Amino acid sequence: MSYVPGRAEIGDLNGDGRPEVWITESSLFCYGNTGSAFVLLTREGSAWRALLDEVGMPLQRDAHHDGWPDIEVGGPGFGQFPVYRWNGHDYERTH
């Protein structure tokens, strides 16, 4: 896999009836062994705002805060991957 063009997936991540969008792209040349990157966008009025922009593969976890799932950013290898938690306005890294 040398390059897979960006792709958008629309959904309602937090159940509030408004759309969120996952933008994903894959490239070993751009993202190394991880091979992918993503941006999570939410709609605010007439504009889109990035909530999370990371190199890796997003995994929604079962834990939720204010309706938003925790998101683990995975990749190759073993060990603990970073987890992001909703703080009421943005996603922030917990570990």
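Bear in mind that the values in this text are calculations on the coordinates, not laboratory data. If you're wondering where the values come from, they're calculated on a predicted model, not measured in any experiment. So basically every Cβ, Gly included, is an ideal-geometry build from the backbone, and we count neighbours across all protein chains shown.
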Can you tell me which of Phe38, Phe78, Phe29 moves the most in a GNM of the chain? Springs connect C-alpha atoms under 10 Å apart. Phe78
Subtracting the Cα-Cα distance from 0.36 nm times the residue separation, let me have the gained length for Trp48 to Glu25 in nm, one decimal. 6.4 nm
Report Rg (one decimal) and Dmax (nearest whole number) for region 4-93, counting Cα atoms only, units Å. 13.3, 41
Report the full-extension gain for the segment Ala8 to Gln80: residue separation times 0.36 nm, less the Cα-Cα distance, to one decimal in nm. 23.2 nm
First measure r as the distance between the Cβ atoms of His64 and Asn33, then evaluate 1/(1 + (r/R0)^6) with R0 = 25 Å and state the FRET efficiency to the nearest 0.05. 0.25
Please report the relative contact order for region 4-93, taking Cα pairs under 8 Å with a sequence separation of at least 6, and give it as a percent rounded to a whole number. 18
